[in-house]
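Structure first, then comments.
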Amino acid sequence: MQNELDKKFGLNDLVLIPEADNNLLGRDLIIALRIKRTPCEGKLKIYSLTEEDNFEHSDTVWYTGEVGKLNIQPISIEIRNQEIPIPVKQYPISLEGRKGLKPVVENSVHQGVLESCVSPHNTPILPVKKPDGSYRLVQDLRAVNQRTITRFPGVAKPDTS
């Protein structure tokens with residue numbers, strides 16, 4: 001596939017999955033940037049993936065229960081009025097919810113995802129019960145989102161506008 005943007009050209013291989021619900025090409029961005037996409041003549045190859053193809057991959061791509069950690073710069077956000085803390089009180093959590101979250105929190109601490117700290121900020125957590133009976137920890141970040149300075153404007157989905 002040949003891509004053109006402001007007289008600059010690039011060649012890319014793309015994966016086409018007709019059954020996918022997601023827009024893999026980032027069509028909204030392609031339209032906004034006025035990028036032209038042209039299939040290269042004679043180079044279009046279509047491969048169908050089968051169930052057998054799924055098992056040909058290395059075991060490293062399958063879920064192991066361990067949390068992956070990317071070797072990247074930490075993501076930082078800017079908030080308005082940084083000097084004013086965001087102290088949202090914790091919602092009441094049932095005893096069952098507390099017991100359900102305990103192994104989740106302990107596992108996150110053990111894997112180094114969570115660490116103990118003292119902060120003037122607080123956002124509530126919620127125990128969400130999964131169909132298998134275990135719990136997922138969900139953090140209510142609405143108060144943080146209200147004070148976040150967005151870097152990029154939101155883009156409407158093309159199929160809903």
> In terms of modelled amide H atoms, which long-range or inter-chain residues lie less than 5 Å from the amide H of residue 114?
Replying inline: 109
> Gain in length, residue 109 to residue 71, computed as 0.36 nm per residue apart minus the alpha-carbon separation, to one decimal in nm?
Replying inline: 11.8 nm
> Amide H of residue 79: which non-local residues (sequence gap of 5 or more, or other chain) have their own amide H closer than 5 Å, using H built in the peptide plane?
Replying inline: 149
>> Give me a comma-separated list of calculated 3J(HN,Hα) values for the range 91-99, in order, Karplus coefficients 6.51, -1.76, 1.60 applied at θ = phi - 60°, integers in Hz, x for any Gly or Pro.
In response: 6, x, 10, 5, 4, 4, x, 4, 5
> If you stretched the chain out fully between residue 79 and residue 147, how much longer would it get, using 0.36 nm times the residue separation minus the C-alpha to C-alpha distance?
Replying inline: 24.0 nm
>> Using each residue's phi in the range 79-87, evaluate 6.51 cos²θ - 1.76 cosθ + 1.60 at θ = phi - 60° and report the 3J(HN,Hα) Karplus result to the nearest Hz, with x for Gly and Pro.
In response: 10, 6, 6, 4, 6, 9, x, 10, x
>> Can you list residues from other chains, or at least 5 along the same chain, whose modelled amide H is less than 5 Å from the amide H of residue 135?
In response: 130
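No lab work stands behind these numbers, since they all come straight from the coordinates. Owing to the predicted nature of the structure, the values given are computational and were not obtained by experimental measurement.
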